[in-house]
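Just so it is clear, none of the values below were taken in a lab; they were calculated from the coordinates. Note that the coordinates shown come from a computational prediction; the quantities given were computed from them, not determined experimentally. Quick reminder, even Gly has a Cβ in these numbers, built from the backbone with ideal geometry, and neighbours come from all protein chains shown.
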Amino acid sequence: FTLDSIYSISSRVKIMPMERLLQKLNLHGITFILVVGMKRRNYYLLHPINDTKATLYVTVDADRKRLRLAMNKDEARDFIGSIADIKEVWIANEKMREQRYKEAFRSNDASELVAIIKNMYVRGQERLAAGKKITATDDKYFRQAENILYTELAFSLQINKDDVQKLIARTIEG
């Protein structure tokens with residue numbers, strides 16, 4: 001299949017051309033989208049940029065909060081410029097903190113991911129200074145938040161994902 005030739009496999013749902021969808025939808029980065037009919041429902045078949053073996057199925061009529069417009073290049077630059085102003089959210093109770101992390105991921109809001117990353121970085125530094133290890137839960141969500149955020153920013157800015165963290169650091173340092 002090519003992006004120019006795939007418009008819809010489902011005759012019941014009219015969707016826009018694939019190259020337009022690639023510009024409009026973002027869910028942890030997309031390499032291509034295909035609509036398939038399963039169990040009388042139509043799905044977008046998504047393949048994340050950073051894990052081509054993974055396949056995500058999202059119903060065409062899904063809650064639009066799960067799919068959002070990807071940041072364009074200017075929005076990504078503006079967002080990176082605003083990262084220093086995003087405050088971390090401190091929650092002492094580990095179960096409540098994990099619940100907050102899950103809510104942040106479901107929100108599909110890049111600012112929420114930054115708050116998580118900042119929170120876990122500060123918490124991790126405090127634990128290391130006290131001679132303790134970083135908890136598995138914090139490490140898991142930290143890596144997941146970084147991966148999602150950096151993948152989207154790399155996609156939007158058309159740069160390598162490994163360069164995103166350096167760009168953020170340079171921007172914050174001024």
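Sorted on the mean count of surrounding Cβ atoms within 10 Å across their residues, most packed first, peptides 146-153, 92-99, 125-132 read 146-153, 92-99, 125-132. Diffusion coefficient (Stokes-Einstein, Kirkwood radius over C-alpha pairs, 25 °C, 0.890 mPa s) for segment 40-174: 150 µm²/s, rounded to a whole number. Listed cross-link partners Lys132/Lys161; Lys95/Lys118; Lys102/Lys133; Lys53/Lys166; Lys73/Lys166 are compared with a 25 Å cut-off, the Cα-Cα value being larger for Lys132/Lys161; Lys53/Lys166. The Rg/Rh ratio for segment 99-174 is 1.00, where Rg is the radius of gyration of the alpha carbons and Rh is the Kirkwood radius. The alpha-carbon positions of segment 69-140 define a convex hull whose volume is 95 Å³ per residue.
The phi torsions of segment 76-84, fed into the Karplus equation with coefficients 6.51, -1.76 and 1.60 and a -60° offset, translate into couplings of 5, 5, 4, 4, 4, x, 9, 4, 4 Hz, rounded to whole numbers, with Gly and Pro shown as x.
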